[in-house]
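These notes concern the structure reproduced below.
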Amino acid sequence: MADTRPVLVATGLTSGIGQALSKLLVGTWRIIGASRNPPAESGDAGDWIRTDLSVPGLAAAAVTEALHSRKIARVQGLVHLGGVVFSDQAVATTGYEWEYTMAVNLRSAFELTTALKPVLVSGASIVLVSSVDAKMSSTAGPAAAYGAAKAGLNGLMRHLAAEWGRDGIRVNAVVLGALAEGMGVKHPATEAELLPHIALGRLGTAKDAAQAIRFLLDPEVSSYITGTEMVVDGGLNISY
Ligand SMILES: NC(=O)c1ccc[n+]([C@@H]2O[C@H](COP(=O)([O-])OP(=O)(O)OC[C@H]3O[C@@H](n4cnc5c(N)ncnc54)[C@H](OP(=O)(O)O)[C@@H]3O)[C@@H](O)[C@H]2O)c1
């Protein structure tokens, strides 16, 4: 029987957030995941693409080829969750760290969104996963390259939203604060240091992040939302 589910292309599904997102969407979306490692919760065996976001053009070419070989000509969703952070002060950031951070977080987003534009249907939604580090710095976890890459991602989001709105394609960013899962647990900023600055008094969960992404993907509930930064941080950015 033909698979009539909308198609979602997503990077970063091997992460805690990605796994939470897969759990929320499995059954309602056909998920094509692109990452270096197989996702634990892909939902559909065989729809995982092994690729490396740090290599110029590789992920965009691999995803385009995978869609072609599966005879998928219409894509309804794209989520860029893949990301990497090096927690260094600016002066300690090496050229390699800068380039790698830009490649995985930002350049691959540009390459994937533009490569998939021809197959994104009217009504499609793109969600780019960003960070409060795009807006503010933490003395507990400085990350100059990461903050610059995520700020670039927010800028890319606004330009794509403006350029593609007339094509019926929505583009938004989910701007995450400090989560207790995923790269948040590798961050040197400890829970004790961050909690006093979080209005809701707790770190976020992968599910908190995944629910925001699902909301922006779903045209039933967010069809008039584009070009926006949805901040999901428990109020971290409003107190100091
Ligand atoms: N967790 C937080 O506190 C937090 C806060 C703010 C923003 N975010 C953002 O949320 C997103 C997910 O982060 P996370 O917390 O879930 O981090 P994570 O657990 O470290 O996961 C990172 C994801 O990115 C993928 N990835 C990293 N380098 C890659 C590469 N070179 N090629 C292909 N895929 C690569 C990984 O897949 P493979 O290793 O399998 O390739 C993995 O799925 C990121 O964009 C991050 O910036 C997270």
Could you please find all residues in segment 100-127 being out of contact with any Ser or Thr (no Cβ under 8 Å at 6 or more places or on another chain) and of a type in the set (A, V, I, L, M, F, W, C)? Met102, Leu106, Ala109, Phe110, Val119, Leu120, Val121, Ala124, Val127
Can you confirm whether Ala103 is within 21 Å of Ala173 (Cβ to Cβ) and within 16 Å of the ligand (Cβ to nearest atom)? yes
Test: Met157 is surrounded by fewer than 18 Cβ atoms within 10 Å (Cβ to Cβ), touching a residue at least 12 places away in the same chain (Cβ under 8 Å) and out of contact with any Phe, Trp or Tyr (no Cβ under 6 Å at 6 or more places or on another chain): no
I need the full set of residues from segment 3-41 which are more than 8 Å from the ligand (Cβ to nearest atom) and hydroxyl-bearing (Ser, Thr, Tyr), in order please. Thr4, Ser22, Thr28
Among the candidates Ser130, Ser223, single out the residue that is at pLDDT 95 or above and buried (at least 16 other Cβ atoms within 10 Å of the Cβ). Ser130
Checked Leu120, Leu160, Leu81, Leu153 against criteria (in contact with a Gly (Cβ under 6 Å, 6 or more places away or on another chain), at pLDDT 95 or above and not hydroxyl-bearing (Ser, Thr, Tyr)); the one match is Leu81
So how many residues does segment 57-88 have that are out of contact with any helix residue (DSSP H, G or I) (no Cβ under 7 Å at 6 or more places or on another chain) and at negative phi? 11
List pairs: first in segment 219-240 and touching a residue at least 24 places away in the same chain (Cβ under 8 Å), second surrounded by 13 or more Cβ atoms within 10 Å (Cβ to Cβ) and among the aromatic types (Phe, Trp, Tyr), Cβ under 6 Å, 6+ apart or cross-chain? Ser222/Phe215
At least 3 residues that are of a type in the set (D, E, K, R) in each: list the helices (runs of 4 or more DSSP H) lying fully within segment 87-187 that qualify. 144-164
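The values are calculated or read from the model by the stated rules, or taken from the named source; none is laboratory data. All of these numbers come straight from a predicted model, not from anything done at the bench. FYI the Cβ positions are ideal-geometry reconstructions off the backbone, even for glycines, and counts take in every protein chain you see.
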